[in-house]
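*Asks:* One structure, as structure tokens, below. Some questions next.
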Amino acid sequence: MKSISILIAIDDGHGMNTPGKRTPYISSIGASIKENEFNREVVHRLNNMLKASGFQTLLVAPEEKDIPLSVRTNRANQAGADAYISIHYNAYNGHFSDNPNGIELYVYRGHLNKDAGRLAHSIGRYLKQGTKQYYRGVKEADFHVLRETSMIAVLTESGFMDHPKEALLMRETEFQNEVAVEHAKGICDFFNLPFKASSKRPWYVGRRIESIYEGELRFYSQPTWGNEAIAGYVQKGYGFPRIVDRVKVEGYNQYKVENSKGLSFYITASETYVKVI
Ligand SMILES: [Zn+2]
């Protein structure tokens with residue numbers, strides 16, 4: 001088999017606690033959603049899908065802390081990546097009001113009709129499918145990650161953090177997965193590789209989870225730590241028959257679980273409180 005070696009650098013945009021990069025306070029979940037909660041999940045999934053589809057990948061900022069943009073682009077340049085994909089979520093004015101919404105893609109100034117523009121259109125063609133969102137198109141901008149990268153570079157904004165509906169989409173694991181698939185398909189088309197969904201299923205998916213906590217361990221109706229979303233409590237030795245997913249909530253993991261009736265809840269993934277069986 002002919003071995004190919006296309007290296008895709010993947011960028012999760014910001015650190016988890018980078019100031020400002022979050023939604024306004026959302027009263028229905030009792031929290032703001034950080035941009036990186038979305039970006040990081042998409043990057044994680046996209047990375048698996050691209051590897052399954054035959055690409056090599058480089059995560060330019062796998063650390064939890066914020067990695068400066070110059071370090072991100074230097075890492076990609078030094079590795080000789082063939083393409084740079086920067087995953088973001090848009091913001092308009094930081095308030096929920098009559099804000100714009102929808103999907104936008106960016107390439108560097110003057111690159112709309114070059115390879116970067118073609119790659120962006122290839123990704124955009126898939127991004128506008130699935131969840132119904134306004135498609136704002138491919139635009140040019142003088143962003144650091146587009147300017148300072150020596151390979152073709154595309155920055156995507158899969159929605160607006162300060163648009164009420166799109167803000168809530170950020171924590172939906174199905175939406176995160178859809179966005180990752182759409183990016184992966186667009187990249188595969190551009191490089192003429194057949195798309196393959198990740199063959200790797202995370203170790204915890206499908207397994208039972210039990211409380212090991214002496215006391216009552218809370219679980220939630222939504223991915224939040226807010227008291228108003230507490231759906232109930234489990235005693236030590238009790239739990240849920242099936243883990244569906246793992247999500248980051250304010251920087252800490254929760255498992256999305258199902259009970260025997262197929263209803264979904266969220267519970268801490270901390271090994272101090274639970275064990276996966
Ligand atoms: Zn961003």
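The values are calculated or read from the model by the stated rules, or taken from the named source; none is laboratory data. The structure displayed is predicted, hence computed values, not measured ones. Heads up, the Cβs are rebuilt from the backbone with ideal geometry, glycines too, and the neighbour counts pull from every protein chain shown. Areas reflect the complete protein model, heavy atoms only, side chains present, ligands, DNA and RNA absent. Shrake-Rupley method; radii C 1.70, N 1.55, O 1.52, S 1.80 Å.
*Asks:* Considering Cα pairs under 8 angstrom that are at least six residues apart, work out the relative contact order of the range 7-191 and quote it in whole percent. Don't skip to the end; give the middle numbers.
*Replies:* Working: 367 pairs, mean separation 54.2, N = 185.
With pairs under 8 Å counted, the relative contact order is 29 percent.
*Asks:* Charges only on Cβ, +1 for Lys and Arg, -1 for Asp and Glu: so what's the dipole of the chain about the Cα centre, in debye to the nearest 20? Please report the intermediate quantities before stating the final value.
*Replies:* Values: 35 positive and 31 negative charges, 166 e Å.
Its charge dipole is roughly 800 debye.
*Asks:* I've got another one for you. What nm distance separates the two modelled labels at Ala231 and Gln129, each placed 7 Å from Cα along Cα→Cβ?
*Replies:* 3.1 nm
*Asks:* To continue, here is another question. Sorted by packing (mean other beta-carbon atoms within 10 Å per residue), highest first, where do 148-155, 136-143 land? Could the numbers behind the result be given before it?
*Replies:* Working: 148-155: 22.2, 136-143: 15.1.
So the peptides 148-155, 136-143, ranked by packing, come out 148-155, 136-143.
*Asks:* Okay, next question. Going through the range 49-123, which trypsin sites (Lys or Arg not before Pro) have at most 15 other Cβ atoms within 10 Å and a DSSP loop state?
*Replies:* Values: sites: Lys51, Lys65, Arg72, Arg75, Arg109, Lys114, Arg118; in loops: Lys65, Arg109, Lys114.
Sites meeting the loop and neighbour criteria: Lys65, Arg109, Lys114.
*Asks:* What is the gain in length, in nm to one decimal, between Asp115 and Asn17 on full extension, counting 0.36 nm per residue of separation less the C-alpha to C-alpha distance?
*Replies:* 31.9 nm
*Asks:* Could I ask something else about it? Tell me which residues come under 5 Å, amide H to amide H, from Ile6 once H is placed; ignore anything under 5 positions away on its chain.
*Replies:* Under 5 Å from the amide H of Ile6: Gln56.
*Asks:* Give the aspartates and glutamates reachable from Lys114 as a straight Cα distance under 15 Å; neighbours fewer than 8 places away on the same chain don't count.
*Replies:* Once the sequence-local aspartates and glutamates are set aside, what remains near Lys114 is Asp82, Glu140.
*Asks:* Given the options Phe55, Phe190, His44, identify the residue whose Cα lies farthest towards the positive end of the charge dipole of the range 7-191 (+1 on Cβ of Lys, Arg; -1 on Cβ of Asp, Glu).
*Replies:* Final value for the positive-end residue is Phe190.
*Asks:* As a test question: what accessible area, to the nearest 10 Å², does Arg246 have when a 1.4 Å probe is rolled over all protein chains in place?
*Replies:* Around 80 Å² of this residue is reachable by solvent.
*Asks:* Here's a follow-up. Determine, at each q value in 0.09 (inverse angstroms), the log₁₀ of I(q)/I(0) that the Debye formula gives when each Cα of the chain is one equal point scatterer.
*Replies:* Debye intensities relative to I(0), on a log10 scale: -0.44.
*Asks:* Right, another one. Can you say what percent of the DSSP beta bridges in the chain, counting only those with both residues inside, are antiparallel? Round to 5. Before the final figure, lay out the partial values.
*Replies:* On the way: 27 of 48 bridges.
In the chain, DSSP labels about 55 percent of beta bridges as antiparallel.
*Asks:* On to the next question. Put +1 on the Cβ of every Lys and Arg and -1 on every Asp and Glu Cβ in the range 70-139; which of His95, Gly130, Gly110 then has its Cα farthest towards the positive end of the dipole?
*Replies:* Sorting the options by dipole projection puts first Gly110.
*Asks:* What shape does the range 98-145 have by the C-alpha gyration tensor, where a ≥ b ≥ c are the square roots of the eigenvalues, rounded means a/c under 1.5, and otherwise prolate means a/b greater than b/c and oblate the rest?
*Replies:* On the way: a/c = 2.92, a/b = 1.44, b/c = 2.03.
Taking the square roots of the gyration eigenvalues as a ≥ b ≥ c, the range 98-145 is oblate.
*Asks:* Let me ask something additional. For Gly159, enumerate residues with amide H under 5 Å from its amide H, sequence gap 5+ or separate chain, H modeled in the peptide plane.
*Replies:* Counting only residues 5 or more places away or on other chains, the set is Asn90, Glu104.
*Asks:* Going by the alpha-carbon gyration tensor, a ≥ b ≥ c the square roots of its eigenvalues, is the range 159-261 rounded (a/c under 1.5) or, if a/c is not under 1.5, prolate (a/b greater than b/c) versus oblate?
*Replies:* oblate
*Asks:* Here is a follow-up. With each label point set 7 Å from Cα along the Cα-Cβ vector, what nm distance links Glu271 and Glu214?
*Replies:* 2.1 nm
*Asks:* For Tyr126, what is the net charge nearby, where nearby means another residue's Cβ is under 10 Å from its Cβ and Lys, Arg count +1, Asp, Glu -1? Don't skip to the end; give the middle numbers.
*Replies:* Working: positive: Arg125, Lys128, Lys185; negative: Glu178, Glu182, Asp189.
For residues surrounding Tyr126, the net value is 0.
*Asks:* How far apart, in nm, are two points set 7 Å out from the Cα along the Cα-to-Cβ line at Glu140 and at Ser27?
*Replies:* 4.5 nm
*Asks:* Here's something else I'd like to know. Can you give the local net charge around Gly239? Use residues other than it whose beta-carbon is closer than 11 angstrom to its beta-carbon, Lys and Arg +1, Asp and Glu -1. Please list the in-between numbers first.
*Replies:* Details: positive: Arg207, Arg208, Lys236, Arg242, Lys275; negative: Glu210.
So the surrounding residues net to +4.
*Asks:* How many angstrom lie between the C-alpha centres of the range 137-171 and the range 29-101?
*Replies:* With the range 137-171 and the range 29-101 each reduced to a Cα centre, they are spaced 9 Å.
*Asks:* Cα to Cα, under 20 Å, and not fewer than 8 places away if on the same chain: which lysines meet these conditions relative to Lys165?
*Replies:* Excluding near neighbours in sequence, the set is Lys21, Lys34, Lys128, Lys132, Lys248.
*Asks:* Is the shape of the range 206-256 best called rounded, prolate or oblate, per the rule: a/c under 1.5 gives rounded, else a/b larger than b/c gives prolate, else oblate, with a ≥ b ≥ c the square roots of the Cα gyration tensor eigenvalues? All intermediate terms of the calculation are to be shown ahead of the outcome.
*Replies:* Working: a/c = 1.79, a/b = 1.15, b/c = 1.56.
It is oblate, given that a/c is not under 1.5 and a/b is not larger than b/c.
*Asks:* Along the charge dipole of the chain, pointing to its positive end and built from +1/-1 on Cβ of Lys, Arg, Asp and Glu, which listed residue (Tyr84, Ser5, Met161) has its Cα farthest out?
*Replies:* Ser5
*Asks:* For the range 207-222, just list the computed ³J(HN,Hα) in residue order, Karplus coefficients 6.51, -1.76 and 1.60, θ = phi - 60°, integers in Hz, with x standing in for Gly and Pro.
*Replies:* 8, 7, 10, 10, 6, 10, 8, 6, x, 9, 9, 7, 10, 10, 7, 9
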